[in-house]
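Each remark here refers to the structure printed beneath this line.
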Amino acid sequence: MRVLVTGANGFVAAALLPELVATGHDVRAAVRQAEGWTPPEGIETVEVGDIGPDTDWSAALDGVGSVIHLAARTHVMRETETDPLAAYRRINVEGTRRLAEAAASHGVRRLIYLSSIKVNGERTDEGRPFTEDSVPAPEDDYGRTKWEAEQALQEIAGQSESGMGVVVLRPPLVYGPGVKGNFRSLLSLCSRRAPLPLSRIRNARSLIYVGNLAHALRTALEHPAAHNRTFLLRDGEDLSTPDLIRRTAEALGRRARLFPAPTGGLRLAARLSGRSAAAGRLLGSLQVDDRKIREILGWQPPFSVVEGLRATAAWHLSQNHGKGA
């Protein structure tokens, strides 16, 4: 049976699709618009248009046994919507609900949903990482709509006469070739050896290399014990912000330039400049307990943090050859 992957021309899918093909899966890639995108060899492509409550999934789901739902409205650096929450809900909640209802009616047996650790919250206390049993406490529109989508999926799975099961994965920060947003900014800063006032920070943050996430998605697709479960996952090694900067710089062939500054002063400066959320990610901790996926599915990340950062750095350098960034 075929596997349908939504958001197939996105960052995570770039690592997932080759892994699925290499392990013998028959893959159909669903994209909003196929023009300008070349799928990996051996993958069928289907256009579905805008994802929302009215999306027609019939052609995409024909003959499909499983779905991996990656498509989502993620963080928008420069928001243009007058009602951002409504825009997030249209794609992340109503679009997911529409897909799940259509999948159940087409006899799909398993739907794997890529959620986010933001469902759990934005920070953890020392020695108290998030687990699957932690009470959800999303703080932004993206996290809220991911949690709402999870609840919609559980409801649909519970009512499905076809027996469709749902598997939810909540990754922390994902990095790797093709990464955008804050991690790409970090790559540029480290490439330029920009001085950063972060050497005194003593936090711990979980993250996951996109190759490890792709492997976990495939495991969730194949393992019978994954049915109707939620899993948190990570690379396996949590890093402080200074450690992440040093390791990223090293992977780029640079030396990090870190100097001390009072944490209170950094928080104040961030608050005055309207960047408290970004400062919270730099200064605070967010740790994940991933024992459940390791114990139940036997999952082990195939790549170390060092390997993941090296691959990410190599991609960044290839993209910026001759630009000095």
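What the table shows:
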read-out	value
Which numbered condition residue 106 misses (of (1) buried (at least 19 other Cβ atoms within 10 Å of the Cβ); (2) over 27 Å from residue 28 (Cα atoms); (3) at pLDDT below 95)	(2)
The one condition in (1) touching a residue at least 40 places away in the same chain (Cβ under 8 Å); (2) polar (S, T, N, Q); (3) within 19 Å of residue 6 (Cα to Cα); (4) surrounded by fewer than 17 Cβ atoms within 10 Å (Cβ to Cβ) that residue 55 fails to fulfil	(4)
Region 261-318 - residue that is touching a strand residue (DSSP E or B) at 6+ places or on another chain (Cβ under 7 Å) and of a type in the set (D, E, K, R) and, of those, farthest from residue 201 (Cα to Cα)	292
Given (1) at pLDDT 95 or above; (2) open to solvent by 40 Å² or more (accessible area, probe 1.4 Å); (3) outside any loop (DSSP other than H, G, I, E, B); (4) farther than 25 Å from residue 17 by Cβ, number of the condition residue 133 does not satisfy	(3)
Segments classed as helices (runs of 4 or more DSSP H), wholly inside region 50-108, with at least 1 members that are in contact with a His (Cβ under 7 Å, 6 or more places away or on another chain)	58-61, 96-105
Meets criteria (of a type in the set (S, T, N, Q), modelled with pLDDT under 95 and outside any helix (DSSP H, G or I)) for residue 203	yes
Region 1-32, subset polar (S, T, N, Q) and closer than 20 Å to residue 99 by Cα, residue modelled with the lowest pLDDT	9
Residue match in region 165-183 (condition: hydroxyl-bearing (Ser, Thr, Tyr), touching a helix residue (DSSP H, G or I) at 6+ places or on another chain (Cβ under 9 Å), at pLDDT below 95 and open to solvent by less than 60 Å² (accessible area, probe 1.4 Å))	no
Lone qualifier among 44, 35 - being at pLDDT below 95, within 29 Å of residue 89 (Cβ to Cβ) and among the acidic types (Asp, Glu)	35
Residue in region 1-23 that is most open to solvent (accessible area, probe 1.4 Å), counting only those that are farther than 20 Å from residue 73 by Cβ and touching a residue at least 24 places away in the same chain (Cβ under 8 Å)	1
Residue 282 closer than 30 Å to residue 22 by Cα and aliphatic (A, V, I, L, M)	no
Index of the failed condition, residue 189 passing every other in (1) of a type outside the set (Lys, Arg); (2) open to solvent by less than 30 Å² (accessible area, probe 1.4 Å); (3) over 16 Å from residue 115 (Cα atoms); (4) touching a strand residue (DSSP E or B) at 6+ places or on another chain (Cβ under 9 Å)	(2)
Residue in region 24-43 that is nearest to residue 64 (Cα to Cα), counting only those that are assigned to a loop (DSSP other than H, G, I, E, B) and open to solvent by less than 60 Å² (accessible area, probe 1.4 Å)	25
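Residues are listed down the side, and each one gets a yes or a no for (1) crowded, with 17+ Cβ neighbours inside 10 Å; (2) at pLDDT 95 or above; (3) touching a Gly at 6+ places or on another chain (Cβ under 8 Å):
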position: 60; (1), (2), (3): yes, yes, no
position: 84; (1), (2), (3): no, no, no
position: 100; (1), (2), (3): yes, yes, no
position: 116; (1), (2), (3): yes, yes, yes
position: 126; (1), (2), (3): no, no, no
position: 157; (1), (2), (3): yes, no, yes
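The values are calculated or read from the model by the stated rules, or taken from the named source; none is laboratory data. Remember, it's a predicted structure, so these values are computed and weren't measured experimentally. No Cβ is skipped: glycine too gets one built from the backbone with ideal geometry, and neighbour counts run over all protein chains shown. When the accessible area is computed, the model is the full protein with side chains, heavy atoms only, and any ligands, DNA or RNA have been set aside. Shrake-Rupley method; radii C 1.70, N 1.55, O 1.52, S 1.80 Å.
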